[in-house]
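A short reminder: the numbers here are calculations on the coordinates, not readings from a lab. A quick note: this is a predicted structure, and the numbers were derived from the prediction, not measured. Neighbour counts are summed over all protein chains in view; Cβ atoms, including those assigned to glycine, are modelled from backbone coordinates with ideal geometry.
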Amino acid sequence: MRIEPAYVSAFANAIRECGHDPAQFGLKREAIVDEDELFDLFARVLVVVKDPTLALRLGTSLHIGTHGVLGHALMSCRTLRQAAEILVRHNPLRSRRGSVSLALTPEQAILTFTPPFQVPGAPWFLPEVFLAAGTAVIRQLSGSDISACSLEFAHAPHMEEKNYQAILGLPVFFGRTQNRFLGPRAAVDFPLPTANDAVAEMYLRQCDKLLREMDAASGCASEVRHALLSSRGRFPSAKEVAASLNMSERTLRRRLDEEATSFMQIVDDVRNHLAKQYLAETKLTIAEVGELLGFDDAANFRRAFKRWNGYPPRSMRETDLTQAPDAAAEAAAKAAD
């Protein structure tokens, strides 16, 4: 499990709201932390920051925009069911030891969170962060009253129960068997006002397609592609991918060299494949495509795309997209001459 800078920054802000300087805990704005580092960070912070609202402050501050590519996918969903399914597959706290699951009964839709670890002395911390964040996102997505929903926690309250109601705006129950968000079953299929089919369908369709293609391949390069497509928020570095594959960065680079490729070549291949699909199949702007692929600005993306293909990204938009992919690429290349 890898926690992106946006979440670390949100945690720093929550600490600051509680009257403490996040710098004393070594928090850096652009920091990326893994599961063990996150465990240590939470433990250190909770020894010093005694404000019982810290977890809820952090969770409610995680608005849709905080979640990067995941946020774009959630915001473009047609229904809450689709949003929940994306969250289950790509949630930021997913790990080998924790999980999120969605269950539908005739009366209820139930989102269940199993934390990847417990913070010493604060078993409530991660469940409160996650369910507060989930409540905030669902409220943003639905754009309507969600008072018919409720929250259940496996732990006992560690502050007055009325504080939970005041911060979360929902009925909250404690001492249950699981940590869950519960809502009316019928509501999960209502159209969302934020719906934009292009981004959500594109995101899931292309990820699934590429993962299937990579599963059919073999070798270290295939594993790297899988790691890149499975990442959340941004493409991981060579060091991070190597760690996820239980090898050193040096070993990773040596194995890729033996397969006549390199880490950056694979990153560029994946970005280029995605870019061409996004440009051909969606109405996302060139700047939006570049942002989804991790480019700082549209100009950098345009230069990279032209380097990869020999023609600029706008040429694909000027081409008749009903053509076969090879014909479209050929026409785009001619348009660039």
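Data overview
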| quantity | calculated |
| --- | --- |
| Set of segment 136-162 residues, backbone N closer than 19 Å to the point 7 Å along the Cα-Cβ line of R97 | 154-155 |
| Virtual spin-label span in nm between E107 and M159, 7 Å along Cα→Cβ | 3.2 nm |
| Ratio Rg/Rh, restricted to segment 123-198 and using Cα atoms, in which Rh is the Kirkwood radius | 1.01 |
| Pair L245, F174: separation of 7 Å Cα→Cβ label points (nm) | 4.8 nm |
| Summed residue charge, Cβ within 11 Å of E152's Cβ, Lys/Arg positive, Asp/Glu negative | +2 |
